[in-house]
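The values are calculated or read from the model by the stated rules, or taken from the named source; none is laboratory data. All values derive from a computational prediction rather than experimental measurement. Don't worry about glycine lacking a Cβ; one is built from the backbone with ideal geometry, like all the others, and counts go over all protein chains shown. Surface accessibility is based on the protein's heavy atoms, side chains included, excluding ligands, DNA and RNA. Shrake-Rupley method; radii C 1.70, N 1.55, O 1.52, S 1.80 Å.
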Amino acid sequence: MTPEFLLMCFDMKQPRRQRVIFGLLTNHLTVSTSFNGLAYQLFALINFQPQLTKEQYDLLIQKLIKQNALQEVEPGMFIKTDQGQKILEEAQLDHYYPRFFLYSGETNLFEFREMFLLANQAVSEYSFQNNKYYPISNRLKLRGLVKQWFQSQKQNDLTFNWVQELQRFLRTLTDWDADRLVNTWTGYQQPGLRADQLQFPMSWNDQDVYFWELDQYAKLVKFLEQAGNQYLLKQLWNLLKQTQQLLSSSMLQTYQAYENGIALDKISQIRRLKLGTVREHLLSAAIFMPFEQFDYQQLLTPELIAYFEGKLVGTPESWSFQQVRVTGAPDEFFYFRLYQIQQVKKELLSEVE
């Protein structure tokens, strides 16, 4: 990872915790890290650099501080400075840094890229009735998902529909991006071209090409959000989303019990979990589940909401528990954080609309 990429993870107005960025990059997710990842809209970073060590990360942070690219506004919290923005803009003259990917909010783009490339190869070979070919390198689990998808889609018009959907997507790209993206794909008697064969700018390195590719798949996912459920591509994407959950099976079991109206202390007894663990499971569910799927009303009563509204000022991500604290009991913070998650999500949805 380069210092410039890390610089992209910070904002010029919103102070961000450097430990949260590290936790997202390395997939060390606590409820606090996950909540801040939501507030920063940086879920795409989750597990992006799993091998990154704390020592390596700290060196990058210190380098940016020495360059006056980052300014510490509170202990552990930084904003990107004007100098930092200048450094980033100068780096972008010679190198590619992800734009759509980084702010997409999607956590499965790496896997979707792998699945798409294999699915595209399978459809291409199928169209020529070729059953003997070497599938491109792919993780076994993802290969199984593609096989499941392909077996359910085999039909006379599979190839026609696949090509039509791809053409509709490619027309949303620039000719420069579309031509190069298509040439990275493998198909019948057509190996995907290497980066050095695609006439990228001479100053680009392998990381630049990878970032550029991720951006194209981020655009594809955005395109699929507006597409109908009959789209083959959307069904492939949905299959991945259904199986690649950020919530553990234990968290999902806790939420299902809650959804069935079981009180939290009863869930704790039934599942033999500490009450604090049950609360953490529900907060994680609220963070990662789509807004409309989480039932906030069971816990956030009108009286509780009225109390919060009378005490909390500023943007939701900037709220402090001290503004509403009464006794400091664990359940007080739980209700505060749940309300904060709800309001952050509402704010993010209103920005999209």
Worksheet item: Of these, 210, 217, which one is of a type in the set (Ser, Thr, Tyr), under 21 Å from the mean Cα position of the chain (by Cα), open to solvent by less than 20 Å² (accessible area, probe 1.4 Å) and closer than 25 Å to residue 238 by Cα?
Response: 217
Worksheet item: What residue, among those in region 104-157 that are closer than 23 Å to residue 222 by Cα and among the aromatic types (Phe, Trp, Tyr), is nearest to the chain's Cα centre (by Cα)?
Response: 110
Worksheet entry | Number of the exception - residue 3 against (1) in contact (Cβ under 8 Å) with a residue 60 or more places away in the chain; (2) more than 30 Å from residue 277 (Cα to Cα); (3) under 22 Å from the mean Cα position of the chain (by Cα); (4) crowded, with 21+ Cβ neighbours inside 10 Å | (4)
Item to complete: For region 184-198, indicate whether the set of residues that are closer than 20 Å to residue 45 by Cβ, surrounded by 14 or more Cβ atoms within 10 Å (Cβ to Cβ) and of a type in the set (Gly, Ala, Ser) is non-empty.
Response: no
Worksheet item: Just for helices (runs of 4 or more DSSP H) wholly inside region 221-293: which have at least 3 residues that are farther than 30 Å from residue 162 by Cα and among the small types (Gly, Ala, Ser)?
Response: 249-259, 275-288
Worksheet item: Are any residues in region 137-165 under 17 Å from residue 185 (Cβ atoms), loosely packed, with under 14 Cβ neighbours inside 10 Å and of a type in the set (A, V, I, L, M, F, W, C), and if so, which ones?
Response: 163
Response to the item:
Out of (1) aromatic (Phe, Trp, Tyr); (2) in a loop (DSSP other than H, G, I, E, B); (3) open to solvent by less than 40 Å² (accessible area, probe 1.4 Å), the one residue 134 does not meet is (3)
Item to complete: For residues that are closer than 16 Å to residue 212 by Cα and not in a loop (DSSP other than H, G, I, E, B), tally how many sit in region 154-196.
Response: 11
Practice prompt. Look at region 141-185 and say how many of its residues are of a type in the set (Ser, Thr, Tyr) and under 22 Å from residue 239 (Cα atoms).
Written response: 2
Discussion item. Please determine whether any residue of region 297-313 is at pLDDT below 95, over 26 Å from residue 105 (Cβ atoms), open to solvent by 50 Å² or more (accessible area, probe 1.4 Å) and of a type in the set (A, V, I, L, M).
Written reply: yes
Discussion item. Name the single residue that is farthest from residue 81 (Cα to Cα) among those in region 27-71 being assigned to a loop (DSSP other than H, G, I, E, B) and open to solvent by less than 10 Å² (accessible area, probe 1.4 Å).
Written reply: 46
